[in-house]
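J.: Sharing a structure, written as structure tokens. Questions coming.
Just so it is clear, none of the values below were taken in a lab; they were calculated from the coordinates. These numbers were taken from a predicted model, which means no experiment stands behind them. Don't worry about glycine lacking a Cβ; one is built from the backbone with ideal geometry, like all the others, and counts go over all protein chains shown.
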Amino acid sequence: MEKDRFIELLKETLEIDESIQLNENTVLTEIEEYDSLSTLGIIALIDEHFGKKLSGEDLQNITTVKSLMEMIGEDQFK
Amino acid sequence: MTGNVRIEKTDFYLPEPVLTNRELGNIFTDWDSGKVESATGIKERHIAAEDETALDMAEKVGQKLLKDFDKSSIDFLILCTQSPEYYLPTGACILQDRLGLKINTGAFDFNLGCSGFVYGLALAKGLILSGTAQKILFITSDTMSKHVYKKDKGNRTVFGDAAAGVIISHSDEEGIGEFVFGTDGSGYKNLIVPNGGLRHRYAPKAPEREVPGTDSIRTDNHLYMNGPEIFNFTIDVVPGTVNDVLQKNRLFIDEIDYFVFHQANKFIINYLRKKMKIPENKFFIDLEQTGNTVSSSIPIGLKKLQDSGAVGKGSKVLICGFGVGYSWAATILKF
């Protein structure tokens, strides 16, 4: 998947305001909208688009968008 | 015995006090009620009063079901709860007396959560088809609110208290189809009340702790739910279970008139629906006034669908319960 496409999907999932810029270095847990419901959204996103599963522990360790992409697997992105 | 069994009557009971999203927003000031409502589908939940127990609620729903009904015809009483009145005696024994059921009635409790309703139907079917019982009153009742810590924002949002019940009897037509069950006890720690049993006694001074990855606070005397792991578990087992139960009943997915899953939360079950390509108009989602009522969520759904006319004579309804244990089960009901 294109990185930009992933970031778009992530913005939709987290219901982040259009005006807010999201990039690989954004710290997800510092975004106002990020909460325990966001984690469920991320699980669904990754299951639907990558057929992968992140453990509860992985999800707790998410920091930046990049850290999430590394958990999914860098080979999944271009 | 030849023939089959059917659900003769279904009803539910909700305790009167209501906890609205607005009230939760006043308690937890950073709580975004709009977002919570759109994601979970919950506007309010009923919370039993301090002195109203799951057994009291079971009695209420039992009375509703037995109104204008020949209660001497009931010869078995089954209660599914995880909010027991006592360690012992069995709640169903007390309930037999409170409901005025005859003395030659069999009665027992069993301990399951969200898969419990489907399990109870399987037990009832087995008891009737083996000739052991004729007419069974099966009740689910839980006060999850009494397991949840007052500072646990997440669980106070999701769970509500409720009781539901059915009367199951012998029938010439097949009313309850074949069952599929599953268990994976390796996940037991992800949905648990750690203290209060005999492994870890209730600890009056149990410290407050944060639920990782959330800003909910709980103690070990209260309910703990690892939301992400529970969601992972449902994604892993529910689609396969639905396929298995269709196969076992020799039905295709488009022959099912309605799907009633355990109402975990709107986001989770709607994701499962999309993943299985179940049309929206055949999929029951209604947590608005109840929240997640564990073992009562499926019978509440069945009653609402029957009352609205969405399910009626001839309808085939696939029901699937999943959760605490981990435990899951599914069957197909024919009306």
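J.: Check which residues have an amide H placed less than 5 Å from B:Ala107's amide H, if you skip close sequence neighbours.
T.: Hits under the 5 Å cutoff: B:Leu77.
J.: Still on this structure: Please report, in cubic angstrom per residue, the volume enclosed by the convex hull of the alpha-carbon atoms of segment B:4-171.
T.: Per residue, the Cα convex hull of segment B:4-171 comes to 120 Å³.
J.: Wrap a convex hull around the Cα atoms of segment B:156-315, take a quarter of its surface area, and give that in square nanometres.
T.: Here the figure is 11.9 nm², rounded to one decimal.
J.: In 5 Å bins starting at zero, report the fraction of Cα pairs in segment A:3-73 per bin as a rounded %.
T.: Distribution as computed: 3, 16, 33, 31, 14, 2, 0 percent.
J.: Still on this structure: From the C-alpha gyration tensor of chain B, pull out the three semi-axes of the equivalent ellipsoid (sqrt of 5λ each), sorted largest to smallest, in whole Å.
T.: 30, 24, 18
J.: Moving on to the next point. Report the antiparallel proportion of the DSSP beta bridges in chain B as a percent, rounded to a multiple of 5.
T.: 70 percent
J.: With a 10 Å cut-off between alpha carbons and a GNM built on chain B, which of B:Asn221, B:Asn265, B:Asn111 moves the most?
T.: B:Asn111
J.: Also, I was wondering about something else. Take the Cα coordinates of segment B:247-309, assign each an equal point scatterer, and use the Debye formula without solvent to give log10 I(q)/I(0) at q = 0.15, 0.30 Å⁻¹.
T.: -0.48, -1.34
J.: While we're on this one: Highest GNM mean-square fluctuation, chain B, Cα pairs closer than 10 Å: which of B:Ile176, B:Ile285, B:Ile103?
T.: Maximum among the listed residues: B:Ile103.
J.: Another one. Looking at segment B:1-77, which trypsin sites (Lys or Arg not before Pro) are DSSP coil and have at most 13 other C-beta atoms within 10 Å of their C-beta?
T.: Here the sparse-neighbourhood loop sites are B:Lys67.
J.: Between B:Val5 and residues 5 or more places away or on another chain, which pairs have amide H atoms under 5 Å apart, with H built 1.01 Å from N, and which residues are they?
T.: B:Ser171, B:Gly175, B:Ile176
J.: While we're looking at this one, here's another question. Let me check I have the definition right: for the protein assembly as shown, take the eigenvalues of the Cα gyration tensor, multiply each by 5, take square roots. What are those semi-axes in whole Å, largest first?
T.: After scaling each eigenvalue by five and taking roots: 38, 25, 18 Å.
J.: So for the protein assembly as shown, taking the charge dipole from beta-carbon charges (+1 Lys/Arg, -1 Asp/Glu), which of B:Val193, B:Gly113, B:Val166 sits furthest toward the positive end?
T.: Towards the positive end, the residue furthest out is B:Val166.
J.: Using amide H atoms built in the peptide plane, which far-off residues or other-chain residues are under 5 Å from B:Gly291 H to H?
T.: Counting only residues 5 or more places away or on other chains, the set is B:Lys43, B:Glu44.
J.: Restricting everything to alpha-carbon atoms, can you work out Rg to Rh for segment B:171-241 with a Kirkwood hydrodynamic radius?
T.: Taking Rh as the inverse mean 1/r over Cα pairs, Rg/Rh reads 1.17.
J.: If all Cα-Cα distances of segment B:97-143 are sorted into 10 Å bins from 0 onward, what percent lands in each bin, rounded to whole numbers?
T.: Computed distribution, short to long bins: 21, 53, 26, 0.
J.: From the phi of every residue in segment B:198-206, what ³J(HN,Hα) in whole Hz does the Karplus formula 6.51 cos²θ - 1.76 cosθ + 1.60 yield, where θ is phi - 60° and glycine or proline is x?
T.: With coefficients 6.51, -1.76 and 1.60, one gets 8, 6, 10, 5, 3, 10, x, 10, 4 Hz.
J.: Using the crude model of +1 on Lys and Arg Cβ and -1 on Asp and Glu Cβ, and no other charge, please compute the dipole size for the protein assembly as shown relative to its Cα centre, in debye to 20.
T.: Using only the charged Cβ atoms, the result is roughly 1300 debye.
J.: Could you grab the Rg to Rh ratio for segment B:17-80? Cα atoms only, Kirkwood for Rh.
T.: The Rg/Rh ratio comes out at 1.20.
J.: Sorting B:Ser216, B:Ser72 on the 10 Å Cβ count, fewest up front, what's the list?
T.: Ranking B:Ser216, B:Ser72 by Cβ neighbours within 10 Å, fewest first, gives B:Ser72, B:Ser216.
J.: I need B:Tyr86, B:Tyr224 ordered by Cβ neighbour count within 10 Å, fewest first.
T.: Arranged by neighbour count, lowest to highest, B:Tyr86, B:Tyr224 become B:Tyr86, B:Tyr224.
J.: Something else about it: Ordered by residue, what ³J(HN,Hα) values in Hz, to whole numbers, does segment B:215-231 give under the Karplus form 6.51 cos²θ - 1.76 cosθ + 1.60, where θ = phi - 60° and Gly and Pro are x?
T.: For segment B:215-231, the Karplus curve yields 10, 7, 10, 9, 10, 5, 7, 10, 5, 10, 10, 8, x, x, 5, 5, 5 Hz.
J.: Please list, in order along segment B:125-130, the HN-Hα scalar couplings obtained from phi with the Karplus expression 6.51 cos²θ - 1.76 cosθ + 1.60 (θ = phi - 60°), rounded to whole Hz, x for Gly and Pro.
T.: Karplus-based 3J(HN,Hα) across segment B:125-130 equals 4, x, 5, 6, 5, 7 Hz.
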